[in-house]
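The values are calculated or read from the model by the stated rules, or taken from the named source; none is laboratory data. Remember, it's a predicted structure, so these values are computed and weren't measured experimentally. Ideal geometry is used to build each Cβ from the backbone, glycine not excepted, and the neighbour counts take in all protein chains shown. The area values use the complete protein model at the heavy-atom level, side chains included, leaving out ligands, DNA and RNA. Shrake-Rupley method; radii C 1.70, N 1.55, O 1.52, S 1.80 Å.
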2 protein chains.
Amino acid sequence: MQARRTWVSLAALWCVILSQQAWAQVAAQPSLAIMPLPAHATSSTGEFILDGGFEMVFTGYTEPRLERARLRFFDTLKSSTGLRRWPDATTPRPQFVIDTRAASAPVQQLGEDESYRLEVAPTGVKLTAPNPLGVLRGLQTFLQLVHPTPGGFAVSSVVIEDKPRFPWRGLMIDTGRHFMPLEIIRQNLDAMEAVKLNILHWHVSEDQGTRIESKLYPRLTGMGSDGQFYTQDEVRGVIAYARDRGIRVMPEFEMPSHANALYVGYPELADGPGPYHLKRKFGEKWGRERKPSEDSSMDPTRESTYIFLDRFLGEMAALFPDQYLHVGGDAEDAVTEWATNAKIQQYMKDHGYKDATALQLYFTARLQKIVASHHKTMVGWDEVLQPETPKDVVIQSWRGTDSLAVAVGRGNRGILSWGYYLDLNEPASRHFSVDPLQGAIGKLPPEQQKAVLGGETAMWTEYVTPETIDGRIWPRAAAVAERLWSPQEDTNLDSMYARLDILSQYLTYRGIPYKATRELMFQRMVGTADPASLKVLAGVVEPPTGFPREGERAYTVYTPLNHLSDIIPAEADRARQFRDIATRIAAGTATPSDHQLARQWLTLWRDNDNTLQPLLPQSPLTAELTPISHNLSETAKIGLKALDALEQHHSMKATDQTDDLASLKSMGEPIAELRVRIIPGVESLVQAAHR
Amino acid sequence: MQARRTWVSLAALWCVILSQQAWAQVAAQPSLAIMPLPAHATSSTGEFILDGGFEMVFTGYTEPRLERARLRFFDTLKSSTGLRRWPDATTPRPQFVIDTRAASAPVQQLGEDESYRLEVAPTGVKLTAPNPLGVLRGLQTFLQLVHPTPGGFAVSSVVIEDKPRFPWRGLMIDTGRHFMPLEIIRQNLDAMEAVKLNILHWHVSEDQGTRIESKLYPRLTGMGSDGQFYTQDEVRGVIAYARDRGIRVMPEFEMPSHANALYVGYPELADGPGPYHLKRKFGEKWGRERKPSEDSSMDPTRESTYIFLDRFLGEMAALFPDQYLHVGGDAEDAVTEWATNAKIQQYMKDHGYKDATALQLYFTARLQKIVASHHKTMVGWDEVLQPETPKDVVIQSWRGTDSLAVAVGRGNRGILSWGYYLDLNEPASRHFSVDPLQGAIGKLPPEQQKAVLGGETAMWTEYVTPETIDGRIWPRAAAVAERLWSPQEDTNLDSMYARLDILSQYLTYRGIPYKATRELMFQRMVGTADPASLKVLAGVVEPPTGFPREGERAYTVYTPLNHLSDIIPAEADRARQFRDIATRIAAGTATPSDHQLARQWLTLWRDNDNTLQPLLPQSPLTAELTPISHNLSETAKIGLKALDALEQHHSMKATDQTDDLASLKSMGEPIAELRVRIIPGVESLVQAAHR
């Protein structure tokens, strides 16, 4: 009773109704270093000091999942503070009261309420939510707010009222191309919980492997997985683990292309004569030679294909409780192949299909009926969208918001993944700036816009292994998580990057070990030497963006991904910071400390080659860095020269400037699949130095 | 056949018989960066290049444990190189042949053969061992030898013939004072395997908790563990995990002192009236007030005590297959208490015991009979040794080699732990320099010396948590591991420290995460700030040695151990390196690079306070560092002044020198439980600067 009375009075004190416009103030609060930003927040003075003694008390509805959330909460807190819990209090202790109104659905539903209200005051904390999902969200908000203060670890007083902008906020992980052990799946579910993502899109079949055990078709994994697959018990474990974190799990079985692994054990499903082998190379679909034994497509002409799909998808529909089932639908290869396959051409002629696309439509329609017969809603990539596509099919768009607008315009619902592909190694700012309601969709009536359910960030795994994947997904996926959760007005990149850095640390406390793994990978490149100078180089280079590895090396599933280009983050923070400073210097808006920092960094980069070069011949992994380390030094020299000119207010000679820009351009070419990312900043300086 | 022929010729090539004297050459080989150093090794030119393709082939005896060792081997190799295995070779591949002659004992025996022969050549590797234990040892040797070369990751050609000096090489972990989760136990078993330790001494009962489930006495953990204990299934899991790594597991049940947790559920075992509570404080035994409810001893006068011990130890004897059972025997508290307990005094009078020590002897004799009746060999600390102690009791000495010599002289066998207590925070050099056969033992006849079975390094856990324990055990425990495995002639400290550093990296590849955990703990001390300057300070300070926390704060099991003094390694490598350099400078034997480095470091330490001070008020964890950060700066200033004088060949004024030495002395006092460990080096410089 006492606790409740306290809370009523606090609520009265803080009773502030925030308009949508007031949201801009939320983002400006430095103490709100949370990702994603909440919908509404009001800070006040004071703080709730954490020690080993505060109690967590559940009122209202409760369930074992909440108790597990409590244990997880204290585990994270132990990691982020080092505090140890006192199990037996002898004095009254401050309380963290969690009031849950009711249960959530037995199987998490799309669009279920995830809202919560979090009130933090010096005397206690109250978290209120309509159901356990909101509690999970609110606990993560609280945990991210923990920071050291002169009084100890604390959370500053604040009232947060929060709810998501979109109901579908996903991460897709491709476990087909490179298998990802359960540990990786669990780590990603932990990180997803941290940033309030609510659906794991589990891509489990590819040319390189079928990754989920089928009891009905044991050869799917027996012959088509290299022994790397998830048992059905393990799948159930993942689903339970995800549910504990308020995350749905939707599997994707890719067809009629990218399904070669199915045919190794069941060649009758394919349109060629077989036999089939697991494909171990990547990239052929982008124009290389195709081998019939590794690149066939599903045969849409045989009734036996649909009998298989009915039984197999029925088994999977029973295994995965989620309402949605993804069947891929990427048919770009299939359509090409069917159009040149004599048997299939004959079938098309006999049955009046005017082209392979028409046949694809027929295949998709059959597939949709099968999925529906198992009481699931079908999800597919853009390719499954045709005018005739049933309206309940959800379209996942990798093509863009225009394509999504077409889907929505036709009455289908859609989710956006274009702009959110993490494997393309684009900067977080790029992902953050893509809004699901942008472009053509923004011009649709609001009711139709509601058919855009949200989006999914995606990690395809040609070029990542279990060792590197977390460092490529995180923390950047949080930029997408914020885009999908937070108000549309949340567009401040500086704030986003500052919080992304803090989040990255939070994920470390949360047990996602990508920072430590990266340290390990740097160290082994240099053996027993000090990796410091390697890390200076690593801090300003980036791996290729887009699909640039296609056509370069013959990457297979066994290619060691232990080069510097595999290890580093997709985005070099230090290089970005330098570019920002250089832009200000070039524009004449820089502070003295900008100038000082630019000079310090450029000097470090100029001199780093001296320290690093002696280490490089020790190993092929470092030897390939010899020219780029040299280029970094040369780039820095050019930058220092331009900085001198700017600071001494004398103009560079035009010919020097031309030479320097030409040098920078040539040094901007990739070496060892790396690009020196301070070059654009140095270019700005050089350009500004001649005015 | 082909493989075998290759190997015969290689063996012929390398057939070198090494004398014990040739061992000094082994230690001098820089490519042999292994811990512990092998008994014999002969390097030759060339190397075995690792890629994803070499096969591991077992010949001779085989068993599932070897297959698991193979998987573990490739896991470690993946971590230390990033290479990925090719599962289907189409071309002949180089081979790693493992030839095992026969099985080892079903339960690992003390003194079982652990020898192996490892031949590494460019064309292949051969590991030969009498039984799987030698294979496990040899695989760890090979893995530690992997390093980057211009041709790729490789192991240099070498022939190693290796076997341990002592058969008993242990690590004791106290899981009573602070419970250590299974994950920690497993990590330590992994690390023990890496350095060829072969017995985990699992200290599972203390005043703070009984940590192993008893089916017969469920209240032992039900009331006496705070819910933190190992189930019997978990214990069996640990034993199996250890056996896979060639490690025995011996439990210790401490009595008649340090057993308070037993009495919470079973008060009739104690000599007081009860009721009893779990003790949550540490240190009372060192002179503080004792509470009868938390500090009682076992009642040796009641027959029911022995009935309990018979049944309980019988249950534990069945659970732990090892031949040895440790019953503690630490009776210092009990003897004091019995001597003042009226009931027990009466009993002594009635039964003719002249003093409490005589009663202790009676208790120990009964205990030994119980242990023997369950077909186990009793192990106890020094206190159990009396002239009448049965000869098969093994004495573990925390008192020293003189005490051990007494035991051996009386016909008992012994193991040394004195000099090997890791929780005392002494340098690795100290542990490394303690030889089990030193002192009085060295003067005994060789046959008696054989009764010294080896030693155990020990980690008592008053001041470590699951978060910090690994960073305090490792890598220093490896110095003891080397002392117990490698030839007695192996005494080069520089070599030991150089290899300890490399081993530390190997343990990271092996999955022991203490380096990453330490980074996490540094980061959280400074919140979102850059911890670089904190780490500069951390690099030259050390926590208290000995038992100095006694009497300072009221440490309980819940005290957060998240201060800098908890986080840092026991030994500050950088400070040690500086002291070595300063010694050379003071002696006039330094190189120019010594001088340069000393100046660089002193300048860094002088200036670090400027960067660090602004961060310190943010949190109590850093605020307490304010004076020591200042002292580091002042110490460095004094050092620079002395260095200037030495380099400019002018003598400091005697009064300045006196002042400086006085300042250094006062700054050498502990602050925030930390000592600035460059002070002795700076003292050397100051002393040398006035000659």
Just to be sure I understand, how many residues within the range A:628-660 are farther than 29 Å from A:PRO592 by Cβ and either free of Cβ contacts under 8 Å to residues at least 24 places away in the same chain or open to solvent by 60 Å² or more (accessible area, probe 1.4 Å) (or both)? 4
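Only one of A:TRP474, A:TRP418 is surrounded by fewer than 20 Cβ atoms within 10 Å (Cβ to Cβ) and aromatic (Phe, Trp, Tyr); which?
Numbers: A:TRP474 fails: surrounded by fewer than 20 Cβ atoms within 10 Å (Cβ to Cβ).
The conditions single out A:TRP418.
Mind listing whichever residues of the range A:148-167 are within 10 Å of chain B (Cβ to nearest Cβ) and crowded, with 21+ Cβ neighbours inside 10 Å? Outline the logic, then answer.
Filtering the range A:148-167 down to residues within 10 Å of chain B (Cβ to nearest Cβ) leaves A:148-154.
If the condition is that a residue be within 10 Å of chain B (Cβ to nearest Cβ) and crowded, with 21+ Cβ neighbours inside 10 Å, then A:PRO148, A:PHE153, A:ALA154 are the ones that fit.
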Selection status of B:ALA240, crowded, with 24+ Cβ neighbours inside 10 Å, among the aliphatic types (A, V, I, L, M) and in a helix (DSSP H, G or I): no
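Looking at the range B:416-440 only, could you name the residues that are more than 12 Å from B:GLY400 (Cα to Cα), in a helix (DSSP H, G or I) and in contact (Cβ under 8 Å) with a residue 24 or more places away in the chain?
Residues of the range B:416-440 that are more than 12 Å from B:GLY400 (Cα to Cα), as a first pass: B:422-433.
Next, from what is left, pick out any that are in a helix (DSSP H, G or I): B:422-424, B:428-433.
B:LEU422, B:ASP423, B:LEU424, B:ALA428, B:SER429, B:HIS431, B:PHE432, B:SER433, listed by residue number.
When the residues of the range B:383-408 are filtered to those that are among the polar types (S, T, N, Q) and more than 25 Å from the chain's Cα centre (by Cα), which remaining residue is surrounded by the most Cβ atoms within 10 Å (Cβ to Cβ)? Even if it seems obvious, please write down each step before you answer.
Keep residues of the range B:383-408 that are among the polar types (S, T, N, Q), which gives B:386, B:389, B:396-397, B:401, B:403.
Okay, now just the ones that are also more than 25 Å from the chain's Cα centre (by Cα), so B:386, B:389.
Working: B:GLN386: 14, B:THR389: 21.
Ranking the qualifying residues of the range B:383-408, first place goes to B:THR389.
Inspect the range B:561-584 for any residue being more than 26 Å from B:ASP423 (Cβ to Cβ), open to solvent by 30 Å² or more (accessible area, probe 1.4 Å) and either of a type outside the set (Val, Ile, Thr) or touching a residue at least 60 places away in the same chain (Cβ under 8 Å) (or both) and give the result as yes or no. Outline the logic, then answer.
So the first thing to find is which residues in the range B:561-584 are more than 26 Å from B:ASP423 (Cβ to Cβ), and the list is B:581-584.
Adding the requirement that they be open to solvent by 30 Å² or more (accessible area, probe 1.4 Å) leaves B:583-584.
From the residues that got through so far, the ones that are either of a type outside the set (Val, Ile, Thr) or touching a residue at least 60 places away in the same chain (Cβ under 8 Å) (or both) too are B:583-584.
Among the residues of the range B:561-584, at least one is more than 26 Å from B:ASP423 (Cβ to Cβ), open to solvent by 30 Å² or more (accessible area, probe 1.4 Å) and either of a type outside the set (Val, Ile, Thr) or touching a residue at least 60 places away in the same chain (Cβ under 8 Å) (or both), which makes the answer yes.
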Inside the range B:497-509, can you point out the residues that are within 11 Å of chain A (Cβ to nearest Cβ) and open to solvent by 20 Å² or more (accessible area, probe 1.4 Å)? B:ALA498, B:ASP501, B:ILE502, B:GLN505, B:THR508, B:TYR509
Failed criterion for A:GLN228 (all others in (1) open to solvent by 20 Å² or more (accessible area, probe 1.4 Å); (2) among the polar types (S, T, N, Q); (3) touching a residue at least 60 places away in the same chain (Cβ under 8 Å) hold): (3)
Tell me whether the range B:429-439 contains one or more residues that are open to solvent by less than 10 Å² (accessible area, probe 1.4 Å), among the β-branched types (Val, Ile, Thr) and within 22 Å of B:PRO38 (Cβ to Cβ). yes
Tell me, yes or no, whether the range B:300-311 has at least one residue that is open to solvent by 60 Å² or more (accessible area, probe 1.4 Å), in a helix (DSSP H, G or I), within 23 Å of B:MET250 (Cα to Cα) and without any contact (Cβ under 8 Å) to a residue 12 or more places away in the chain. yes
Taking B:ARG518, is it surrounded by 21 or more Cβ atoms within 10 Å (Cβ to Cβ), more than 9 Å from chain A (Cβ to nearest Cβ), at pLDDT 95 or above and under 22 Å from the mean Cα position of the chain (by Cα)? no
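Being more than 11 Å from chain B (Cβ to nearest Cβ) and open to solvent by less than 10 Å² (accessible area, probe 1.4 Å) is the requirement here; does A:VAL526 meet it? Before the answer, list the steps.
Details: more than 11 Å from chain B (Cβ to nearest Cβ): no; open to solvent by less than 10 Å² (accessible area, probe 1.4 Å): yes.
When the stated conditions are applied, A:VAL526 does not pass them.
Please go through the range A:614-625 and pick out each residue that is more than 15 Å from B:GLY82 (Cβ to Cβ) and either open to solvent by less than 20 Å² (accessible area, probe 1.4 Å) or within 12 Å of chain B (Cβ to nearest Cβ) (or both). Give the derivation first.
Residues of the range A:614-625 more than 15 Å from B:GLY82 (Cβ to Cβ): A:614-618, A:623, A:625.
Selection gives A:LEU615, A:LEU616, A:PRO617, A:GLN618, A:ALA623, A:LEU625.
Output the residues belonging to the range A:22-33 that are in a loop (DSSP other than H, G, I, E, B) and either at pLDDT below 85 or of a type in the set (D, E, K, R) (or both). Step through it out loud before you land on a result.
Here is the first cut: in the range A:22-33, the ones in a loop (DSSP other than H, G, I, E, B) are A:29-33.
Those that are in a loop (DSSP other than H, G, I, E, B) and either at pLDDT below 85 or of a type in the set (D, E, K, R) (or both): A:GLN29, A:PRO30, A:SER31.
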Within the range A:34-58, how many residues are in a loop (DSSP other than H, G, I, E, B) and either open to solvent by less than 20 Å² (accessible area, probe 1.4 Å) or not assigned by TED's automatic domain parsing to the domain that holds A:ARG93 (or both)? 10
Determine which single condition B:ILE344 fails, assuming it passes every other condition in (1) of a type in the set (Val, Ile, Thr); (2) more than 30 Å from B:TRP168 (Cβ to Cβ); (3) open to solvent by 40 Å² or more (accessible area, probe 1.4 Å). (3)
Please verify whether the range B:169-185 includes one or more residues that are under 30 Å from B:ILE49 (Cβ atoms) and among the charged types (D, E, K, R). no
Residues to consider are A:GLU303, A:GLU234, A:GLU284; find the one that is modelled with pLDDT of 95 or more and more than 17 Å from A:THR210 (Cα to Cα). A:GLU303
Going through B:ALA342, B:ALA372, B:ALA317, B:ALA365 one at a time, which residue ends up being assigned by TED's automatic domain parsing to the domain that holds B:SER214, among the small types (Gly, Ala, Ser) and in contact with a helix residue (DSSP H, G or I) (Cβ under 8 Å, 6 or more places away or on another chain)? B:ALA317
